[in-house]
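Q: Let me begin by handing over the structure; questions about it come next.
The values are calculated or read from the model by the stated rules, or taken from the named source; none is laboratory data. Bear in mind the structure is a predicted one, so any value in this text is a computation, not a measurement. Using ideal geometry, Cβ is built from the backbone for each residue, glycine included, and neighbour counts are taken over all protein chains shown. All accessible areas refer to the heavy atoms of the entire protein, side chains included, with ligands and DNA or RNA removed. Shrake-Rupley method; radii C 1.70, N 1.55, O 1.52, S 1.80 Å.
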Amino acid sequence: MLSADVVVIGTGIAGCSAALAAAERGASVALLTRSSRPEESNTLYAQGGIVYTGPEDSPSLLTRDIISASAGTGSGQAARMLAEEGPGLVRELLIERLGVPFDRDPRTGELDLTREGAHSVRRVAHHRDYTGRVIERALVRTVLAEPSIQVLSGTDALELLVVEGRCAGVRALRGGREIVIGASATVLATGGLAALYEHTTNPPLATGDGIALALEAGASVGDLHYVQFHPTTLYVPGGDRFLISESLRGEGAVLRDSEGREFVRHPLGSLAPRDVLAREIWEMMRRTGESCAYLDVSHRPAGWLEERFPTIYERCRAAGIEVPVEPIPVVPAAHYSCGGVDTNVWGRTSLPGLWAAGEVARTGLHGANRLASTSLLEGLVFGWRAGLDATRRPQSPPASESLQGRERQTVNGHKPDRGELSAAWARLRRLMWERAGLARSGEGLRAGLAELDGIGAALDGEGGYEALRLRRALAVARSLLRSALADARSRGCHYRVDCEEAVLADISR
Ligand SMILES: Cc1cc2nc3c(=O)[nH]c(=O)nc-3n(C[C@H](O)[C@H](O)[C@H](O)COP(=O)(O)OP(=O)(O)OC[C@H]3O[C@@H](n4cnc5c(N)ncnc54)[C@H](O)[C@@H]3O)c2cc1C
């Protein structure tokens, strides 16, 4: 059995931030990730940037923007905390300590801040269009170099261990063997669940594992049905939904229909909040029978586009789209989980000994819809807070006898046929898109729940790791659909076609 003062599950921005904060307080940390490459995470793929602070900015203005983008449902306390503490942490940790090379104005040397949808001012720090990559690599480099942090890659958390009503560590799979890591504090930083959907911007591992672990351990979760659909992902029939960053619209790109008309009715036009824009595109496609909308980037020359948005430029060219002369075909796709494991602003969950931070957590910050570029900042701020709090009142580590024999050999048992498993995953992802996607109804959600039961029943008696992964995904999907069914009110990114509000009721917010 391994042990540490704090075990952190996940090496994205939230997990690394929590690990660094705990280490700074003198704690020994075991930092787990299921991927063999510690940087593999949603954080790595973030494009547009991280909220910092602009010249005419203030914490109260950012707080107002967050609450307004959330359709008035976000937590004022969490938003204020993010707005007050976030810019300082970006400066001290990311810029000064880690040396993250955010783009700067070559003339003044000041950060080159961009604007994104529903932000009142330019305040987003970025590195071209691959901000996540430079942040994540700097974080991983730092945690690997920190003597009191032991990074365990290729280690998949299977179960949160609960001893006498308190989380006492984790059971995990490492190199085909089950191991137990005992800890006086456990921090979940396992990211989101949008890869449960057929059309998604997320890498395949983002299937809501942390939610499943928390549910099994008895921790409270909330707002799982608030799944944000990003309005603009590349539409190539049969291709992946590659994200077309919102900052492209922040820099002046405009959404149009196939006739070249601006169809967005919101006063902020192409910079409206994401939930509103995603629905406007969906509505336009339904009305016209079109299979996508178009992002017009012709206001800028190719050279500028290639320099400022190299990844998007290359990806479009590779798909045969001659940007900026031709517009980029775009459709919405599942992007971000606004709900998650319930926490307070220190990351404490309802289960003693367990903290959660980042996309897996629900502080209430985003309410029913997240403001662009706040999620990297959320991981940084609330990861840091969770790491500090987890070391604040150290409990004695669990007695090793209480964890002896907790390995359960999940990897054993009859393994289901690979073809059947991948067909089951495809069924799950399709039903999530069709039943719990951009537009939901009570009837569709009930049918979706019955279909989930059908997929689950086919797994009865099956063992092995792959069956466990699918079971976890089914548990998360079930909770999400139940949560959507219980909420008959359209708000933010949860839109019920069978409730009274019109599709664009919130058009003027
Ligand atoms: C394409 C794309 C672009 C984005 N652009 C932006 C942007 O510009 N600005 C912004 O603010 N946000 C952006 N986001 C959202 C943002 O990237 C994520 O919300 C954020 O990075 C989440 O960080 P996290 O640390 O909570 O989780 P992640 O970065 O996803 O990390 C999760 C970690 O948990 C590990 N893990 C998961 N399950 C287990 C398990 N069972 N056992 C062990 N380890 C496990 C994973 O391996 C990983 O290390 C973007 C997201 C995507 C997909």
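Q: Accessible area per residue for the chain in Å², computed with a 1.4 Å probe and the full protein assembly in place, what is it?
A: That works out to 37 Å² for each residue.
Q: Mind giving me the FRET efficiency for residue 489 and residue 24? R0 is 51 Å, r the Cβ-Cβ distance, nearest 0.05 is fine.
A: Computed FRET efficiency for residue 489 and residue 24 comes out at 0.75.
Q: For segment 211-217, in order, what is each residue's ³J(HN,Hα) by Karplus, 6.51 cos²θ - 1.76 cosθ + 1.60 with θ = phi - 60°, in whole Hz (x at glycine and Pro)?
A: 5, 4, 4, 5, 4, 4, 7
Q: In debye, nearest 20: dipole of the chain around its Cα centre with unit charges on the Cβ of K, R (+) and D, E (-)?
A: Dipole size: approximately 500 debye.
Q: Dividing the convex hull volume of the Cα atoms of segment 232-373 by its residue count, what figure in Å³ per residue is obtained?
A: 140 Å³
Q: Counting Lys and Arg as +1 and Asp and Glu as -1, what is the net charge of the other residues whose Cβ lies under 12 Å from the Cβ of residue 139?
A: So the environment of residue 139 carries a net charge of +1.
Q: Mind checking the angle between helix 131-145 and the chain's longest principal axis? C-alpha axes, 0 to 90 degrees, to the nearest 10.
A: The helix 131-145 is inclined about 20 degrees to the chain.
Q: Where Rh denotes the Kirkwood radius from the mean inverse Cα pair distance, what is Rg over Rh for segment 1-80?
A: Radius of gyration over Kirkwood radius for segment 1-80 works out to 1.10.
Q: Could you tell me the distance between the Cα centroids of segment 18-86 and segment 280-305, to the nearest Å?
A: 30 Å
Q: Rank 254, 187 by accessible area, highest first, at a 1.4 Å probe radius?
A: 254, 187
Q: Going by amide H atoms built from the backbone, whose H comes under 5 Å of the H on residue 8, apart from near neighbours?
A: Counting only residues 5 or more places away or on other chains, the set is 30, 31, 32, 187.
Q: Give me the distance in nm between label points sitting 7 Å out from Cα along the Cα-to-Cβ direction at residue 259 and residue 415, one decimal.
A: 5.7 nm
Q: With runs of 4+ DSSP H residues as the only contributors, calculate the mean residue ellipticity of the chain at 222 nm using -39,500 (n - 2.57) per run, divided by the residue total and rounded to the nearest 500.
A: The helix contribution divided over the chain gives -10500 deg cm²/dmol.
Q: List the residues whose amide H sits under 5 Å from the amide H of residue 155, counting only those 5 or more places along or on another chain, with H placed 1.01 Å from N in the peptide plane.
A: 33, 34, 35
Q: Could you sort 265, 315 by accessible area so the largest value comes first, with the probe set to 1.4 Å?
A: Ranking 265, 315 by accessible area, largest first, yields 265, 315.
Q: Hey, another quick one. Return the distance in nm (one decimal) between the two label points of a simple spin-label model at residue 314 and residue 96, each offset 7 Å from Cα along Cα→Cβ.
A: Calculated label separation equals 3.4 nm.
Q: Here is a follow-up. Applying 1/(1 + (r/R0)^6) with R0 = 60 Å to the Cβ-Cβ distance of residue 298 and residue 148, what FRET efficiency is obtained, to the nearest 0.05?
A: Using R0 = 60 Å, I get an efficiency of 0.70.
Q: Between helix 465-486 and the chain, what is the angle of the helix's C-alpha long axis to the longest principal axis, kept within 0 to 90° and rounded to the nearest 10?
A: Taking the Cα atoms of the chain, the angle to 465-486 is about 60 degrees.
Q: Could I ask something else about it? With θ set to phi - 60°, apply the Karplus curve 6.51 cos²θ - 1.76 cosθ + 1.60 along segment 35-41 and write out the HN-Hα couplings as whole Hz, x wherever there is a Gly or Pro.
A: 7, 6, 9, x, 7, 5, 5
Q: How about segment 192-296: which GluC sites (Glu not before Pro) there are in a DSSP loop, with at most 13 other Cβ atoms within 10 Å of their Cβ?
A: Taking segment 192-296 and a limit of 13 other Cβ atoms within 10 Å, the loop GluC sites (Glu not before Pro) found are 259, 262.
Q: Here's another thing I want to ask about it. Put +1 on the Cβ of each Lys and Arg and -1 on the Cβ of each Asp and Glu in the chain; which of 41, 311, 235 then has its Cα farthest toward the positive end of the dipole?
A: Highest projection toward the positive end goes to 41.
Q: Also: If contacts are Cα pairs under 8 angstrom and at least 6 residues apart, what is the relative contact order of the chain in percent?
A: Relative contact order for the chain comes out at 22 percent.
Q: Starting from the Cα gyration tensor of the chain, multiply each eigenvalue by 5, take the square root, and state the resulting semi-axes largest first in whole Å.
A: Equivalent ellipsoid of the chain: 35, 28, 21 Å, largest first.
Q: Let me ask something else. Once the other residues with Cβ under 10 Å from the Cβ of residue 174 are scored (Lys, Arg +1; Asp, Glu -1), what is the net sum?
A: Charge balance near residue 174 sits at 0.
Q: So, with a 1.4 angstrom probe, what is the percent of accessible area on the chain that is carbon and sulfur?
A: Accessible surface attributable to carbon and sulfur in the chain totals 48 percent.
Q: Also: Let me check against my output: what whole-number percent is the relative contact order of segment 168-314, with C-alpha pairs under 8 Å and at least 6 apart?
A: For segment 168-314, the relative contact order is 15 percent.
Q: Run the numbers on segment 1-140 and let me know its relative contact order in percent, using alpha-carbon pairs under 8 Å that are six or more apart.
A: RCO, segment 1-140: 31 percent.
Q: Residue-wise, which Karplus ³J(HN,Hα) couplings in Hz belong to segment 380-392, taking 6.51 cos²θ - 1.76 cosθ + 1.60, θ = phi - 60°, and x for glycine or proline?
A: Running phi through 6.51 cos²θ - 1.76 cosθ + 1.60 with θ = phi - 60° gives 5, 6, 7, x, 4, 4, 5, x, 5, 5, 5, 9, 5 Hz.
Q: Could you check the spin-label model distance between residue 283 and residue 306? Points 7 Å from the Cα along Cα→Cβ, value in nm.
A: It works out to 3.9 nm between the two label points.
Q: What is the set of long-range amide H partners of residue 169 at a cut-off below 5 Å, with H atoms built 1.01 Å from backbone N?
A: 161, 183
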